[in-house]
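Worksheet: the structure to be examined is printed underneath.
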Amino acid sequence: MRRRLIVKKFGGTSVQDKERIFRVAERCAADYRDGADVVVVLSAMGKQTDVLIDMAHDINPHPPKRELDMLLVTGEQISVALMGMAFSALGIPAVSLNAFQVAMHTTSVYGNARVKRIDTERIQHELENRKIVVVTGFQGMNKYDDFTTLGRGGSDTTAVALAAALRAEKCEIFTDVDGVYTADPRIVKKARKLKEITYGEMLDLATLGAGVLHNRSVELAKKYNIPLIVRSSLNDSEGTTIKEDTRVEGMLVSGVAADKNTTRISVIGLEDRPGTAFKLFDLVAKAHVNVDMILQSIGRDGTKDITFTIPEDTEDECVAILKENLKRLRAHDLDVNHDVAKVSIVGAGMMSAPGVAAKMFECLYNADININMISTSEIRVTVLIDEKDTERAMNAIHDAFGLDE
Ligand code: ADP
Ligand code: ASP
Ligand code: MG
């Protein structure tokens with residue numbers, strides 16, 4: 001009979017020093033001794049990825065993306081090798097593997113690759129030999145036989161992709177908080193840990209700025225129906241389970257998230273006639289920039305303005321292409337502001353409850369916070385506000401919806 005298989009992922013703070021590495025090793029050894037097959041996915045130690053990015057920019061402010069990935073993958077390689085040694089010190093058979101040894105195939109986009117396919121033979125073989133398999137998170141290989149990375153926080157996605165490919169019983173994400181909270185506990189002190197949350201809600205929260213999980217990991221977990229558990233690497237508390245359906249708590253709003261990586265661009269004085277929006281967003285798309293919120297003013301005197309938001313780290317590309325084409329677009333002017341942030345509420349319960357958006361707007365009004373733009377879906381409301389108001393807005397919204405109760 002096949003043994004049960006568990007994928008356990010540990011983030012940077014969980015493997016930041018010798019003591020924590022051994023704590024992780026002990027924790028995985030317990031499942032191993034219990035008879036399970038264990039695959040461990042690790043991030044780079046502590047803030048190593050940030051250190052490597054700074055090193056790169058010190059040499060070249062615009063490092064070639066291929067070379068940057070070549071550098072960044074070293075971080076994860078250090079942690080898996082040290083973990084392999086820790087297991088050996090404990091007398092537990094283990095083997096560390098990088099993306100090439102696993103054969104973790106991804107798309108070719110350096111810095112933001114997506115997992116395409118994983119050849120599981122090597123891992124299966126090692127598991128059959130009763131070894132714990134320690135895999136580098138965050139990295140992959142592309143069709144040019146180069147290293148790629150999956151985007152910041154991407155080790156979560158490595159873990160879920162492995163759990164799906166190996167048909168694991170569950171995927172546990174160990175981090176420096178006890179689970180998924182109603183808001184980032186570093187910003188909202190009254191934030192409360194959730195026992196469970198749906199894939200859909202978690203996907204929105206992660207996409208809208210809740211950095212506790214890489215959003216693609218949630219997307220994959222939903223697609224392959226992998227139970228995902230977020231829990232602390234420092235204690236044994238239960239954590240949060242992310243799954244298809246949880247309506248036990250019947251909460252209207254499950255969480256608040258914020259994203260400061262946002263820039264608002266207004267293109268002013270565009271011609272008010274068919275095809276204008278197409279021309280504008282076609283250009284933006286050609287610069288490989290993702291557009292998020294969009295607002296178009298009512299046409300007056302033959303002209304109109306279009307305002308939209310993009311990730312701040314793509315601002316340079318976007319502004320450059322728009323400036324080049326301002327005449328061709330027949331626009332008068334461009335207004336660019338990156339001192340803005342998105343604040344969102346997410347909750348499957350709001351689908352059938354009117355007045356949720358109004359309550360959010362009322363609470364921002366009471367806190368004297370101005371709303372720049374608004375966008376909504378069935379299970380979320382997002383507002384764009386001044387970046388300096390972010391923390392105040394999150395706390396006010398958290399209070400207004402009684403999320404600490
Ligand atoms: P790791 O290195 O383990 O991957 P991350 O820093 O990526 O850890 O994610 C954990 C952090 O996510 C927490 O320290 C917390 O500040 C932040 N966070 C943001 N939103 C939330 C949320 N809703 N619930 C829990 N943590 C959150
Ligand atoms: N080490 C990578 C990062 O810092 C990946 C991860 O931690 O998930 O983004
Ligand atoms: Mg993370």
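Odds and ends about this structure:
- Single condition A81 does not satisfy, out of (1) under 15 Å from V134 (Cβ atoms); (2) under 20 Å from the mean Cα position of the chain (by Cα): (2)
- R167 being under 22 Å from I229 (Cα atoms), surrounded by fewer than 21 Cβ atoms within 10 Å (Cβ to Cβ), within 16 Å of ligand 3 (Cβ to nearest atom) and modelled with pLDDT of 95 or more: no
- Within the range 185-202, the set of residues being under 14 Å from T240 (Cβ atoms) and either within 14 Å of ligand 3 (Cβ to nearest atom) or among the aliphatic types (A, V, I, L, M) (or both) comprises A191, L194, I197, M202.
- Each residue in the range 30-45 was checked for being more than 28 Å from the chain's Cα centre (by Cα) and either within 26 Å of V73 (Cα to Cα) or basic (K, R) (or both), and 1 pass.
- Candidates R4, R33, R66: the one that is surrounded by fewer than 18 Cβ atoms within 10 Å (Cβ to Cβ), without any contact (Cβ under 8 Å) to a residue 60 or more places away in the chain and more than 16 Å from ligand 1 (Cβ to nearest atom) is R33.
- Qualifying residue in the range 197-218 (condition: on the phi > 0 side of the Ramachandran plot and surrounded by fewer than 19 Cβ atoms within 10 Å (Cβ to Cβ)): no
- Hits in the range 2-53 - residues which are within 13 Å of ligand 3 (Cβ to nearest atom) and of a type in the set (F, W, Y): F10
- Residue match in the range 88-101 (condition: more than 23 Å from S233 (Cα to Cα) and within 15 Å of ligand 2 (Cβ to nearest atom)): yes
- Subset tally (residues that are of a type in the set (V, I, T), more than 26 Å from R23 (Cβ to Cβ) and within 12 Å of ligand 2 (Cβ to nearest atom)) for the range 128-185: 1
The values are calculated or read from the model by the stated rules, or taken from the named source; none is laboratory data. Bear in mind the structure is a predicted one, so any value in this text is a computation, not a measurement. In this analysis, Cβ positions are derived from the backbone assuming ideal geometry, glycine residues included, and neighbour counts consider all displayed protein chains.
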